[in-house]
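For reference, the structure discussed in these notes is given below.
The values are calculated or read from the model by the stated rules, or taken from the named source; none is laboratory data. All values derive from a computational prediction rather than experimental measurement. Glycine gets a Cβ as well: all are built from the backbone with ideal geometry, and neighbour counts include every protein chain shown.
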Amino acid sequence: MELYEIEPTTDPRWLEFIQRDRRASIFHTSGWLRALQGTYGYKVKAFTTCSPRHDLTNSIVFCEIRSWLTGNRMVSLPFSDHCDMLVDPEHRYEVLSYLTGVAKQKSLRYIEIRPREPLESNVEGLRPADTYAFHVIDLRRSKDELLQNFHKDSIRRKIQRAEREGLTYKKDATAQALRQFYDLFLLTRKRQGVPPTPFKWFTTLAEYLRGSLEVRIAYKADRAVAALLTLSHGKAVVYKYGASDARFNSCGGTPFLFWQTILEAKAEGFEQLDLGRSDTDNPGLITFKDRLGAQRSSLSYWRLSTRQYRSVGAFRSYGVAKKMFECAPRLVSVGVGKLMYKHLG
C-alpha cells in the first residue's frame, strides 16, 4: 500500500473530508492545526492512501516536534485531548506499519497516537502509553433529566447558590473576554503549581477558530469569578479550559457556567458535551465530572517506538516544581510557560 504525505492546512480536500467523516473532531480542523503552527511552530502533516488526484477518504494527522529538551517525535496531536485515526480498521495495520518506518527513518523517539477507540497492538513497537479518564455528557437527554443527573450537593445546590448570589454571565470571544479569562487562568495555574499556557495560544485559537470558540465568564457584580473556554465542531461542544478565582468558589460560578453551557448547546442542536481527559492522579477533577452526570470511560494514548521512553509528564507530577510555581511571581511563571510549552506537546 502506498501512502502519501499531505499538508492538511493547505490541501483543498481537507475541509470537505473532515466535515464528512463522523469521527473527525475540532482537533482535526484546519483552524486547530493552524493555531498549533502559529503558536508553537510545529510542522503539520498528514498521511493518506489517497493520491493527490482523488478525494480524501482516510488520513491520520500529526505535528512534528523538534526539541532539544524532550526529543524529536510526531504526535497526533499536541495539546489535543484526543485525535482519532480517520482510517478504516482494515487499513490501520498497513498505515501503522508504514509509520514505524517513518520513525526509524527520521530517528524519532516515538510516534504518539491519541484515539478515542482502542487500537490493536499487533504492530511492531506499538504499545499503550498514558491512560486518562474521559467524560462525555449526552445532550440528547431532556433538560430535566440532565439536571437530575447532577450531584445534589456539589452541583445542583451550587447552581442555586449562584442564583442567590446574583451571579451573571456573558458569552463572548472578544479580546477583552480572552484577557479576563486569562487573568483567571493565571490564578488557577498558580494554585495548581503549573506554569500557564502562553496567552498567544488563546489569541491564536480565537483567530483561527472564529465562530467555534466561546468564552463564558461568570461575574459577581463586576468581578469575573469563573470562566470556561469551549470549542465546537459537528454535533459536539468541547470543554477545553476552565478557570476561577478561588476566593469566590463558594458562589458556585463553575457549576453555574457548565449548566448554562449545557442549556445553550442543547438549544443549538448539539448532541454531546465533551469534557475532555483527566489525569488518573487527579481524583478531584474526575469526581467533579462524574458529578456533572457525565459518562466516564478510559482514554489510552499509543506510541510507536523501537526505544524505551519515559513520559515527560506534567509539571505537577514533580513536587519540587509544583511548590516552586505556586510561589513564583507571575512574570516568572508566564515566562517559563512561554519557553517550555512548545517542548511538551
Within segment 281-326, residues being under 20 Å from the mean Cα position of the chain (by Cα), hydroxyl-bearing (Ser, Thr, Tyr) and modelled with pLDDT under 95 number 2
If we keep only residues of segment 1-19 that are of a type in the set (A, V, I, L, M) and outside any loop (DSSP other than H, G, I, E, B), then the residue nearest to SER232 (Cα to Cα) is ILE18
Just wondering, is there one or more residues in segment 261-268 that are among the small types (Gly, Ala, Ser), in a strand (DSSP E or B) and surrounded by fewer than 21 Cβ atoms within 10 Å (Cβ to Cβ)? no
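Yes or no: segment 206-222 includes at least one residue that is under 24 Å from LEU339 (Cβ atoms) and part of a loop (DSSP other than H, G, I, E, B).
We begin by selecting, within segment 206-222, every residue under 24 Å from LEU339 (Cβ atoms); these are 206-208.
Next, only the ones that are part of a loop (DSSP other than H, G, I, E, B) stay: none.
No: zero hits.
Being among the hydrophobic types (A, V, I, L, M, F, W, C) and over 21 Å from the mean Cα position of the chain (by Cα) narrows it down to one of CYS50, CYS63, so name that one.
Numbers: CYS63 fails: over 21 Å from the mean Cα position of the chain (by Cα).
Result: CYS50 is the single residue among CYS50, CYS63 that is among the hydrophobic types (A, V, I, L, M, F, W, C) and over 21 Å from the mean Cα position of the chain (by Cα).
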Filtering segment 269-287 for residues that are at negative phi, of a type in the set (Gly, Ala, Ser) and in a strand (DSSP E or B) leaves a count of 1
Exactly one of (1) more than 19 Å from ASP81 (Cα to Cα); (2) under 16 Å from the mean Cα position of the chain (by Cα); (3) among the basic types (Lys, Arg) is unmet by LYS240. Its number? (1)
So which residues in segment 79-98 are under 26 Å from ASP279 (Cα atoms) and either out of contact with any strand residue (DSSP E or B) (no Cβ under 7 Å at 6 or more places or on another chain) or surrounded by fewer than 20 Cβ atoms within 10 Å (Cβ to Cβ) (or both), if there are any at all? PHE79, ASP84
Long-range neighbours under 8 Å by Cβ, at least six apart or interchain, first residue over 29 Å from HIS28 (Cα atoms) within segment 228-249, second aromatic (Phe, Trp, Tyr): none
Give the number of residues within segment 140-169 that are assigned to a helix (DSSP H, G or I) and either surrounded by fewer than 16 Cβ atoms within 10 Å (Cβ to Cβ) or more than 28 Å from the chain's Cα centre (by Cα) (or both). 12
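A quick yes/no check of all residues on (1) in contact with a Ser or Thr (Cβ under 7 Å, 6 or more places away or on another chain); (2) among the acidic types (Asp, Glu); (3) under 24 Å from ILE60 (Cβ atoms); (4) modelled with pLDDT of 95 or more:
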position: ILE113; (1), (2), (3), (4): yes, no, yes, yes
position: PRO118; (1), (2), (3), (4): yes, no, yes, no
position: GLU124; (1), (2), (3), (4): yes, yes, yes, no
position: ARG127; (1), (2), (3), (4): yes, no, yes, no
position: THR131; (1), (2), (3), (4): yes, no, yes, yes
position: ASP138; (1), (2), (3), (4): no, yes, no, yes
position: SER142; (1), (2), (3), (4): no, no, no, yes
position: LEU147; (1), (2), (3), (4): no, no, no, yes
For segment 128-151, how many residues meet the condition of being free of Cβ contacts under 8 Å to residues at least 12 places away in the same chain and basic (Lys, Arg)? 1
